[in-house]
Amino acid sequence: QVQLVESGGGLVQAGGSLRLSCAASGMPFSSYNMGWFRQGPGKEREFVAHIRWRGGITYYADSVKGRFTISRDNAKNTVYLQMNSLKPEDTAVYYCAADRGFGVFSTAGEYDYWGQGTQVTVSS
């Protein structure tokens, strides 16, 4: 049974930092591309970042480029999202997801497995 468990969310002031973690189990983690998405209040789920299974190639949404960094530790079956210079508009539930295909990484429907999400709230 595949499980993705996010952690590290919380309340932070604007300009602050948080690091999210997503621990995977029940799957060959090193063979999966991993992504982070978020869903703010009253908004649709949106792509945040993606890291390929091979080579660690990364992609980011324009809204977070230069502030967020996605990384992975295959030995720990964990993917991370380091979030710096946080803004109130970054407030959302953040989800990690796993994808074994080669589709459009920014599309939620391409992903095979999802975590339950972790809340990030940025106060102004």
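The values are calculated or read from the model by the stated rules, or taken from the named source; none is laboratory data. Keep in mind that what you see is a predicted model, and the values were worked out from it rather than measured. Quick reminder, even Gly has a Cβ in these numbers, built from the backbone with ideal geometry, and neighbours come from all protein chains shown. Heads up: the accessible areas ignore ligands, DNA and RNA and are worked out on the full protein's heavy atoms, side chains in. Shrake-Rupley method; radii C 1.70, N 1.55, O 1.52, S 1.80 Å.
Of note:
- Size-normalised alpha-carbon gyration radius of the chain, reference 2.2 N^0.38 Å: 0.97
- Surface accessible to a 1.4 Å probe, per residue, for the residues of the range 1-72, Å²: 51 Å²
- At R0 = 30 Å, FRET efficiency that the Cβ-Cβ distance of Asp73 and Glu44 yields, to 0.05: 0.50
- When both bridge partners sit in the chain, DSSP labels roughly 90% of those beta bridges antiparallel.
- Solvent exposure, largest accessible area first (probe 1.4 Å, DNA, RNA and ligands not counted), of Glu44, Glu89, Glu110: Glu44, Glu89, Glu110
- Global size of the range 30-95 as Cα Rg and Dmax, reported in angstrom: 12.1, 37
- Spin-label proximity, Arg100 to the range 37-56 - amide N less than 14 Å from point 7 Å beyond Cα toward beta carbon: 53
- Candidate aspartates and glutamates - alpha carbon under 13 Å from Lys43, same-chain residues fewer than 8 apart omitted: Glu89, Asp90
- If the segment from Val5 to Ser25 were pulled out straight at 0.36 nm per residue, it would be longer than the present Cα-Cα gap by 6.3 nm.
- When you count the other C-beta atoms within 10 angstrom of each residue and take the mean per peptide, 45-52, 57-64 line up highest first as 45-52, 57-64.
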